[in-house]
1. Accessible surface of Val71 in the full protein assembly, 1.4 angstrom probe, to the nearest 10 Å²?
2. With every protein chain left in place, what is the accessible area of Tyr149 in Å² (1.4 Å probe, nearest 10)?
3. Mind checking the stretch 28-104 for trypsin sites (Lys or Arg not before Pro) that DSSP puts in a loop (not H, G, I, E or B) and that have at most 10 other Cβ atoms within 10 Å?
4. Accessible area, 1.4 Å probe, largest first: how do Arg24, Arg139, Arg116 sort?
5. With an 8 Å Cα cut-off and a minimum separation of 6 or more residues, compute the relative contact order for the chain in percent.
6. Can you tell me, using C-alpha contacts under 8 Å and at least 6 residues apart, the relative contact order of the stretch 1-62 as a whole percent?
7. Just the number, please: Stokes-Einstein D of the chain in µm²/s, Kirkwood Rh from C-alpha pairs, 20 °C, 1.002 mPa s.
8. Under a cut-off of 22 Å between alpha-carbon atoms, report the lysines in cross-link reach of Lys7, not counting same-chain residues fewer than 8 places apart.
Amino acid sequence: MTVTDWKSAAADTLEIDWNAVEQRLGFAVHAELRSFFSRIVCEERWGVRGCMEYRPAELVKEYANRPDWLVDANGDGKYAEYTLRPLQHNDTDYVCDFFEDAFSGEWTGGNDFAHRAYLGELYINIGQITLVFNNDTGRFEWVDFGWGYCEVYEDNPYGIVADAAQEFLDKFHDAELDIPADD
């Protein structure tokens, strides 16, 4: 499974019982998050992984605080690794558990980040950049929890990647790696 497979799949390809998910969560799931997760299943335990050219000007739509935080964050690194977490199957019990974990699982460290759902990570020289979906605004965000203020989300460097599921997915692409051959 590749990010290209995810990008090319249409929203609502999977039949998901959103009523059951919303009943479990206690709030409505935004249409863009539905669009993101209703396209594919990936049985790979770690999700969809890849390596892309690191272009922060294309990745970041807007900075919410700390302008240009990611511009020099990869040093001389040309590439970034990414992991996106899709559903592994669409059984209702699994999907309800998946979304409960996405909104309030271990990734939160027990902190309350409102209605944000974990989507995956981007790995660059400064470390892991967490990718989340803000269910209240419908926007796809990045956050650098490595900055050290996990308790208050907005105290960390963060910003917007996309306003729609397709726009978010289109930010990820597999790079043709420029690796010199061994002589």
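1. Spelled out: Val71, probe radius 1.4 Å, area about 70 Å².
2. 110 Å²
3. Those that pass, being in a loop and sparsely packed, are Arg45.
4. Values: Arg24 95, Arg139 55, Arg116 15 Å².
Correct descending sequence by accessible area is Arg24, Arg139, Arg116.
5. 25 percent
6. Numbers: 35 pairs, mean separation 28.7, N = 62.
With pairs under 8 Å counted, the relative contact order is 46 percent.
7. Approximately 126 µm²/s, per Stokes-Einstein.
8. Cross-link targets: Lys61, Lys171.
The values are calculated or read from the model by the stated rules, or taken from the named source; none is laboratory data. Please read these numbers as outputs of a predicted model, since none were measured by experiment. Every residue, glycine among them, receives a Cβ derived from its backbone with ideal geometry; neighbour counts consider all protein chains shown. Surface areas here come from the heavy atoms of the whole protein model, side chains and all, with no ligands, DNA or RNA. Shrake-Rupley method; radii C 1.70, N 1.55, O 1.52, S 1.80 Å.
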